[in-house]
Amino acid sequence: MSQSLPFKNAVDADTYQTFQTLLYKEARLLDHEEYDQWLAMLTDDIHYYMPVPARYLREEKKQAIKPLDANIFNDYKKQLELRIARFATNLVWSENPQNLINHSVSNIEVFPTDVEGEWNVLSVVTVLRSRLDGVEKRMVVSRNDIWRIEDNSLKLAKRNMLFNHAVVPDSNLNFFF
Amino acid sequence: MGVDVSKLVDNKTGRQSRSIFHEQDIYEQEQERIFGKCWLFLAHESQIPDPGDYFRTFMGEDEVLVIRQKDQSIKAFLNTCTHRGNRVCKADKGNAKHFTCSYHGWSFAADGALQSVPLEEDAYYNELDKSKFGLHPVCNVDSYKGLIFGNFDPEAPTLNDYLGDMKWYLDVWLDAMPEGTELIGTTQKVEYPVNWKLPVENACGDGYHIGWAHAGVMTVASSMNIESLSLGNTEVDSSTAMAGGGMNGHSIISSLDGQSGYAFYPDPSLPVSYLEENREAVISRLGETRGKQFWGSQINMTVFPNVQMLPGLNWFRVYHPKGPGKMEMWTWAMVDKEMSDELKQTVLDNVCRTFGAAGMFDNDDGENFAACTSQNRGLQTRQKDVYTNMGLGKEYSHPEMPGVISDGLVGEQNQRYFYRRWQEMMAAKDWSAVPNYNSLEEANATGGQN
Ligand code: FES
Ligand SMILES: [Fe+2]
C-alpha cells in the first residue's frame, strides 16, 4: 500500500542517485590523489571558489561581502592545474610520506536549474586528515555546485564553498575539498 | 629578575639555545619584556576609516580593540569588561556607537567611557562611580604612514624613534605613492603548532630556504628568474641583492632589480606595467636608489618583533603568540591606493594563491616550522643548540643604505640581529637598559651580550 508523501523531491530518484554516486566517486578520487581523473570531471570554465570566513555581528552582514575579498581558493582550471603540477613535481616535502585523507560527503540535495542539462547540487564534505605521528585534522566545508552535461558526461562547472572554521586549523591545505 | 638569557643566544657565533622555542617561563618573559614593551602592529588606518569603526586584534596574548574616534584619532583598549572581565566585543571588525558586554549589560562608548549600567539606581543605589570603570586603554597608540601601532609601556621610545632607520626602507612601500597603501580583504587566519619566532626569523632573512623548501612551487610557478636567489652567496654583490640588519632588530632583505617582486605572478605584465608607469614619479619621491633598485623588487621587511611585509608579493602579516608552541598567523594583501581595481584583485588573488591558507608557498613552510618547534619537546634534543652562522663577519656599512649590510638574499645576518634584539629585550627590565643602534658601528659599539 503506497501512500503519497506531502513532500515533493526536486528531482527523480534516478537523478538524485546519479549525483550521489558522482560525488562519492569524486571524493574517492580526491582521497587517492587521482588528480588527472579529477581534472577530467571539471568543465574548462570551472570556477572553484572558497572565500575567507569572518565573524561580523549579524546586523553588519553587509560588511561580510565586498568586491575585493580574500579567498582560500579562487581558481579557474589553469590555477587548479598549477596546484596539481606542484604536487606532481614530487618536491612538496610535506606530502611525503603521503598524508592519509578521507573525504566524507553528506547532506546532498539536487535541484534542477533554469538551464537545460545543468543541476545545482548542495553537499557537505568532511575532511579527516591524518598527519605525521597521528595528528588528526578535521575540516568541514559546505559546497554549492553547478554540474553540467558536457561531452556526454556530468562535469563540475562551479563550486562555491563555505569553510566552516574562523581560523584555518592546519599548516597546509595541500588538497581539494 | 626573570630568566637569565645571557647564555641562550650568542650573536658572535650565531648560536641559539633551543629552549627559547619551548620553555614556558621564557615565553612568559617574552609577554612581559617583548610584547609588553615593544610597539606592536594593531591595524592599518584603511581598515577603520570612519568614526566608530573598530578592529579586534591581539598584542601578545592580550586581546585589544582598536577604535576610530569622532575626531579621527585612534584609541585602543583591552577587550575586557571592567566589571567581571568578559569580552566586550566579539566581532572581528565593524562599526559601533557603543560596546555592550553580554554578561550584565555594561555599555562602553567608543572612547572607552562606561556609559550605562543596568539597574544603576535600583541595585547600585546610584553609588557606582562610572568614571572609574572605563575600558583599560593601551597607553600609547601612534601611526606611521598608515600603520597603527600600540605600546603598553609608558616609558617606551616614540614610535618614530622605535622604527629608527628602518623607516628609510619602510617608505619604499608606505611612501612610494602619494596616496599611500591600504590593506584589503578579510583577515586570513591560520593556526600553527609553531613558536612565533620561527616564521619571523624565516621571513626576516632566510632566502636560503626558498630554493629547497619551495622547490615544488618554484618549479611550476616562477615567471621570472631571480638571479639573486639562484646564485651562490659568493657570486652576488650588493648591486644584485642585499640584507640589512642591525636597526634595533628591524630588518630587510631585498633584490635590487626593481621588478622581481612580481616574479611569482604567472603573468606579471599588469603589475610590471604599473611599476614602469609610476617609476619616474617614485624616483622623484624616494630618490634613485630606492625608486630604481628597491621599488618593485623582491623585498622582505620585518618590524621587530612580529610584523612582516613583502612588497611585490604584497602580503602583510602579523604573528600572534598563543603559547610557546602555538601561534596564529594573520595575513592581508597590502596594495597602493592608486592601483586600479583590476590590479588590486590580481594582487589579492596572487597573495592568496602564494601565501594564503592554501597558498602554494606557505603550504611548504608550516611543516618545517612545526617540527623546528615540536622536536624540542624531547629533553635530550632541547639541550642541543641551533645555529644561524652563515656569512659571519661579512657585514659592512653602505654609504647610502642604513643598517648593517650583507650581500645577497641568501644569508643569516638578519636572523642573528633578530635574536640579538630578542636577547636584549629579554634581558632588560626597562627601556633604559635597552641598547640603541642602527649602523654597524653603533651595533659593534653596543656589543651584544654573549
Ligand atoms: S562582566 Fe561585563 S557587565 Fe558584568
Ligand atoms: Fe618560505
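The values are calculated or read from the model by the stated rules, or taken from the named source; none is laboratory data. This structure is a prediction, so every number in the text was calculated from the model and none was measured. Note: ideal-geometry Cβ built from the backbone for every residue, glycine included; neighbour counts use all protein chains shown. We work out accessible area using only protein heavy atoms, side chains counted, and drop any ligands, DNA or RNA first. Shrake-Rupley method; radii C 1.70, N 1.55, O 1.52, S 1.80 Å.
Of all the residues in region B:208-221, those that are open to solvent by less than 30 Å² (accessible area, probe 1.4 Å) and either more than 28 Å from B:Lys322 (Cβ to Cβ) or within 16 Å of ligand 1 (Cβ to nearest atom) (or both) number 3.
Candidates in region B:185-198 are the residues that are surrounded by 23 or more Cβ atoms within 10 Å (Cβ to Cβ) and touching a helix residue (DSSP H, G or I) at 6+ places or on another chain (Cβ under 6 Å); of these, the one that is nearest to the other protein chains (Cβ to nearest Cβ) is B:Gly185. Out of curiosity, is B:Lys394 free of Cβ contacts under 8 Å to residues at least 24 places away in the same chain and either open to solvent by 50 Å² or more (accessible area, probe 1.4 Å) or more than 11 Å from chain A (Cβ to nearest Cβ) (or both)? Yes.
Based on what the data block shows, is B:Met327 in contact with a Pro (Cβ under 6 Å, 6 or more places away or on another chain) and within 16 Å of ligand 2 (Cβ to nearest atom)? For B:Met327, the condition - in contact with a Pro (Cβ under 6 Å, 6 or more places away or on another chain) and within 16 Å of ligand 2 (Cβ to nearest atom) - is met.
Residue by residue, here is whether (1) more than 9 Å from every other protein chain (Cβ to nearest Cβ); (2) touching a Pro at 6+ places or on another chain (Cβ under 6 Å) holds:
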{"residue": "A:Asp44", "(1), (2)": "yes, no"}
{"residue": "A:Tyr56", "(1), (2)": "no, no"}
{"residue": "A:Asp69", "(1), (2)": "no, yes"}
{"residue": "A:Ile72", "(1), (2)": "no, no"}
{"residue": "A:Tyr76", "(1), (2)": "yes, no"}
{"residue": "A:Ser94", "(1), (2)": "no, no"}
{"residue": "A:Ser104", "(1), (2)": "yes, no"}
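Look at region B:276-329 and say how many of its residues are assigned to a helix (DSSP H, G or I) and open to solvent by 10 Å² or more (accessible area, probe 1.4 Å). Summing the residues that are assigned to a helix (DSSP H, G or I) and open to solvent by 10 Å² or more (accessible area, probe 1.4 Å) in region B:276-329 gives 15. Checking each residue in region B:93-126 for being in contact with a strand residue (DSSP E or B) (Cβ under 6 Å, 6 or more places away or on another chain) and without any contact (Cβ under 8 Å) to a residue 24 or more places away in the chain picks out B:His98, B:Thr100, B:Ser107, B:Ala109, B:Gln115, B:Ser116. Determine which single condition A:Leu128 fails, assuming it passes every other condition in (1) more than 27 Å from A:Glu150 (Cβ to Cβ); (2) open to solvent by less than 40 Å² (accessible area, probe 1.4 Å). It fails just one condition, (2). Set side by side, the residues A:Ala64, A:Ala54, A:Ala27 differ, and just one is among the small types (Gly, Ala, Ser), at pLDDT 95 or above and open to solvent by less than 70 Å² (accessible area, probe 1.4 Å), which is A:Ala27. Taking the numbered list (1) in a helix (DSSP H, G or I); (2) touching a Phe, Trp or Tyr at 6+ places or on another chain (Cβ under 8 Å) in turn, B:Leu42 passes all entries but (1). Candidates in region B:73-82 are the residues that are within 16 Å of ligand 1 (Cβ to nearest atom) and under 20 Å from B:Asp142 (Cα atoms); of these, the one that is farthest from the other protein chains (Cβ to nearest Cβ) is B:Leu78. Annotation note: Cβ proximity below 6 Å between a residue of region B:170-190 that is farther than 19 Å from B:Asn350 by Cβ and a residue that is outside any strand (DSSP E or B) and open to solvent by less than 10 Å² (accessible area, probe 1.4 Å) (sequence gap 6+ or interchain) occurs for B:Val172/B:Phe294. In region B:96-120, the residue that is nearest to ligand 2 (Cβ to nearest atom) out of those that are within 14 Å of chain A (Cβ to nearest Cβ) and surrounded by fewer than 19 Cβ atoms within 10 Å (Cβ to Cβ) is B:Ser102.
Do you know which residues across region B:57-72 are within 14 Å of chain A (Cβ to nearest Cβ) and either within 16 Å of ligand 2 (Cβ to nearest atom) or crowded, with 21+ Cβ neighbours inside 10 Å (or both)? Residues satisfying the conditions are B:Thr57, B:Leu65. Can you report the number of residues in region B:338-356 which are facing another protein chain (nearest Cβ under 9 Å) and open to solvent by 10 Å² or more (accessible area, probe 1.4 Å)? Final tally of qualifying residues: 5. Within region A:78-92, being under 19 Å from the mean Cα position of the chain (by Cα), more than 8 Å from chain B (Cβ to nearest Cβ) and among the hydrophobic types (A, V, I, L, M, F, W, C) holds for A:Leu80, A:Ile84. Scan region B:362-375 for residues that are away from ligand 2 (no atom under 16 Å from the Cβ) and open to solvent by 60 Å² or more (accessible area, probe 1.4 Å) and the total you get is 1.
Can you find a residue that is among the aliphatic types (A, V, I, L, M) and surrounded by fewer than 21 Cβ atoms within 10 Å (Cβ to Cβ) anywhere in region B:330-337? No, there is no match, as no residue in region B:330-337 is among the aliphatic types (A, V, I, L, M) and surrounded by fewer than 21 Cβ atoms within 10 Å (Cβ to Cβ). Go through region B:37-54 and give me each residue that's in contact with a helix residue (DSSP H, G or I) (Cβ under 9 Å, 6 or more places away or on another chain) and under 25 Å from B:His250 (Cα atoms). B:Lys37, B:Cys38, B:Trp39 - these are the residues of region B:37-54 that are in contact with a helix residue (DSSP H, G or I) (Cβ under 9 Å, 6 or more places away or on another chain) and under 25 Å from B:His250 (Cα atoms). Note on region B:83-108: residues that are within 12 Å of ligand 1 (Cβ to nearest atom) and either of a type in the set (Lys, Arg) or within 16 Å of B:Cys139 (Cβ to Cβ) (or both) amount to 2.
Residues of region A:120-158 that are touching a residue at least 40 places away in the same chain (Cβ under 8 Å) and within 14 Å of chain B (Cβ to nearest Cβ): A:Val127, A:Arg129, A:Val141.
Within the span defined as region B:376-388, every residue fails to be in a helix (DSSP H, G or I) and within 16 Å of ligand 2 (Cβ to nearest atom). Please verify whether B:Lys75 is open to solvent by 50 Å² or more (accessible area, probe 1.4 Å) and either within 24 Å of the chain's Cα centre (by Cα) or modelled with pLDDT under 95 (or both), treating the condition exactly as stated. For B:Lys75, the condition - open to solvent by 50 Å² or more (accessible area, probe 1.4 Å) and either within 24 Å of the chain's Cα centre (by Cα) or modelled with pLDDT under 95 (or both) - is met.
Based on what the data block shows, is B:Leu114 at pLDDT 95 or above and within 15 Å of ligand 1 (Cβ to nearest atom)? The answer is yes for B:Leu114. Return a yes/no flag: does region B:28-42 have any residue that is open to solvent by 20 Å² or more (accessible area, probe 1.4 Å), within 15 Å of ligand 1 (Cβ to nearest atom) and away from chain A (no Cβ under 14 Å). No: region B:28-42 contains no residue that is open to solvent by 20 Å² or more (accessible area, probe 1.4 Å), within 15 Å of ligand 1 (Cβ to nearest atom) and away from chain A (no Cβ under 14 Å).
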